[in-house]
Structure formats: C-alpha cells, structure tokens
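Student: Have a look at this one.
The values are calculated or read from the model by the stated rules, or taken from the named source; none is laboratory data. All values reported here derive from a predicted model rather than from experimental measurement. Cβ coordinates were reconstructed from backbone atoms using ideal geometry, including for glycine residues, and neighbour counts include every protein chain displayed. Accessible surface areas use protein heavy atoms only, side chains included; no ligands, DNA or RNA. Shrake-Rupley method; radii C 1.70, N 1.55, O 1.52, S 1.80 Å.
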Amino acid sequence: MVNSLGVIRQPSAPGNSATPNLPDANSSSRFLDLNGLRFHYVDEGHGDPVVMVHGNPTWSFYYRHLIRALSGEYRTIVPDHIGCGLSDKPDDARYDYTLGRRADDLEALLDHLGVRENITLILHDWGGMIGMTYAHRHPERIKTLVIFNTGAFHLPAAKPFPWALWLCRNALFGPLLVRGLNAFCLAAARVGCKRKPLSAEARAGLLAPYDSWKNRIAILRFVQDIPLRKSDRCYDLVSDVQDGLQRFRRVPMLICWGERDFVFDRHFLDEWVRRFPEAEVHRFADAGHYILEDAPEDIIPLTRAFLARHRGR
C-alpha cells in the first residue's frame, strides 16, 4: 500500500497503536507535539511554502500527487488534523474537535516551522474553512489561494443541507452510522469520484486511518461541527471569517471545481465567484468531490501554471 506520498508502508507511529500498520510517510514525515498529542505533517521540498489543508474524511494522502508535483520547486507542508491520518486520535476529554481548535493547530504548526510569509493555501472540503480561518487571522501572510470544492462561509441560502448529513448529525443514528458502520468514509469513497471510479489503491489509502470506532471520532465530530444555527459552537467564527473575505479580493485565486459534488455543489461555487469575480475558475462537469482523484491530469498542470505565474509577486 502507498503512503501519504505514495511510496512505502511502515508500522504506525509510536503512541498511536490503535491505528496499526498505516501507510506511513517517508523521510518527509514529521510529528509536532501539541499539548501531548502527536500532530503529523508532511514537509517536503524547498522554496516558498505551499500549505495544503485537507477536509473530511481524508488526510494528507489525498494530496500525494500534488506534493510530488510541487515539491521540486516549493516547500509543501501538509498536516493531518488531529483525529485524522497519522495524527493521534484522542477522545473528547483530551481534544476539542472544533473549527477554532483546528485553526489553532494549523497556526501552531506554521509558527513552529517559521512559516509566516508568502504562503499559498491549497484548500479542500473542511480545509477551506480551517485554512481561511488561519488566513483571517494573518491576511498579510497569504500570497495566493487555491480552492478545490470547499467553502469559507455559511451554507448558501439557496443550498439545502443534504439529508445524508442531517442523518449523520442525528444524536442517535450518527454515531452508529459514522463510527460504527463507517458509512461516511465508505460513502465518500464510493461517490467522491465521478469521472472514473476511485482506484483500489486510493480507496485503501483514504480509508486506512479510519479502521475502528475509536479512530473515526474526528469523522463524526467534523459533521457535528458544521454550523447551521446561531447556537452552534463555531457559527460566530464562521460569520467573522465570512465577513472578512473581502480582504482577499486582491489575492490571486485559482478555483478548480468538480461540478458533480452533491455537497459542495454549484451553490458554493457561485458564492466563491460572486465574492471573488477576478478569480481564475475552471469547472469540471464530469468530476466529483474528490477532484484530485478524479482529474489530477487537469488539476496539477493548472495549479503548477498558476503558482508559476505568481511566483515573483
């Protein structure tokens, strides 16, 4: 099985024995201690930093093709959120699974690495909200933005919240479906690609960290943390980030969008375009949510060309 860079298979990291025999990373794999929790990240290459932030239910493995394509010219930094990938998967007593804490973790990592300027953020799924929360705190650090099927604002008014996500948020059925039956991860692997089926290797890699009730805690908490009402814990934070997006109107932005995504669909894309009319937008009518699995032959050259055009900015 491949690793988060698509290379080798090694035993799991010490202290994470509940996730045995994961596809581990090579010499570019690192761990940062976050209050006693092991926070895994890939740090590969040299040059201006390109920070890739994954969503739910993926991990740094999702960006493996892009890491290989960019690390010859850039410093690619790709964390696994706590509860995801090769990072520790603590219970709620040890970790607060919320948007604010996720952004804190990303900030702690980049500060630890001394990465404070000329940052490109590449964002997918929940990574958009996490990454743009970090950007909201430090807009002066952001050089360019690359957006893949994600959001950084509240659910668009015209977008119905998918019934499958409502079911996963249900206090009774959600834990059984998401943590017990692994329905969320399995469904994402099945419907995430539309142009071509997810390969067996990619499917195994994406699913590998989430092999037990314990190891699927973050998958459920991400769904539960989606802010739909003002009483939801991160609703105000999302409102703040949303209200601050205009500060990035002059930041070069590339948007690549799989149009057959039942969650991050045209309503989300339309909102990005409305807020950032000068963004470079590429729509893929036959691609789904896992756009880097569906259309890497299109996305990688577009991303490389975009970064090259803005390299000396």
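Student: Using a cut-off of 15 Å between alpha-carbon atoms, which aspartates and glutamates can reach Lys159, once sequence neighbours fewer than 8 places away in the same chain are excluded?
Tutor: Glu259, Asp261, Asp265, Asp270, Glu271
Student: Can you tell which of Leu113, Trp163, His81 lies farthest toward the positive end of the dipole of the chain, using +1 and -1 charges on the Cβ of basic and acidic side chains (Lys, Arg; Asp, Glu)?
Tutor: Comparing the listed Cα positions along the dipole, Trp163 ranks first.
Student: Related question: What are the aspartates and glutamates whose alpha-carbon lies under 20 Å from the alpha-carbon of Lys230, with same-chain residues fewer than 8 places away excluded?
Tutor: Asp96, Asp240, Asp243
Student: Under 16 Å from the Cα of Lys89, which aspartates and glutamates turn up, not counting those fewer than eight places away in the same chain?
Tutor: Once the sequence-local aspartates and glutamates are set aside, what remains near Lys89 is Asp24, Asp33, Asp80, Asp105, Asp211.
Student: Here's a follow-up. Say a paramagnetic label sat at a point 7 Å from the Cα of Leu181, along Cα to Cβ; which residues of the stretch 59-89 have their backbone N under 12 Å from it?
Tutor: None, by backbone N distance to the label point.
Student: Rounded to the nearest percent, how much of the accessible area of the stretch 52-201 (1.4 Å probe, protein heavy atoms only) is carbon and sulfur?
Tutor: Answer for the stretch 52-201 is 57 percent, counting heavy atoms of protein chains only.
Student: If you wrap the chain's Cα atoms in a convex hull and average its projection over all directions, what's the area in nm²?
Tutor: Averaged projected area of the chain's Cα convex hull equals 14.3 nm².
Student: Follow-up question, since we're still on this one. Test of understanding: in a Gaussian network model of the chain with alpha carbons linked when under 10 Å, which of Val42, Val146, Val273 would top the mean-square fluctuation ranking?
Tutor: Of the options given, Val273 has the highest mean-square fluctuation.
Student: Compute the normalised compactness of the stretch 125-242: alpha-carbon radius of gyration over 2.2 N^0.38 Å, N being the residue count.
Tutor: Ratio of Cα Rg to 2.2 N^0.38 Å: 1.18.
Student: Continuing with this model, one more query. For Asn170 and Arg233 in the same chain, what is the full-extension length gain: residue separation times 0.36 nm, less their Cα-Cα distance, in nm?
Tutor: Fully extending the segment from Asn170 to Arg233 adds 21.0 nm.
Student: Another one. Spin-label point model (7 Å from Cα, Cβ direction): what's the His282 to Ala200 distance in nm?
Tutor: Result: 3.0 nm between the two label points.
Student: So which trypsin sites (Lys or Arg not before Pro) in the stretch 221-275 pass both tests, a DSSP loop state and at most 12 other Cβ atoms within 10 Å of the Cβ?
Tutor: Answer by residue number: Arg229, Lys230, Arg249, Arg250.
Student: A further question follows. How large is the Kirkwood hydrodynamic radius of the stretch 108-168, in angstrom, based on all distinct alpha carbon pairs?
Tutor: 13.2 Å
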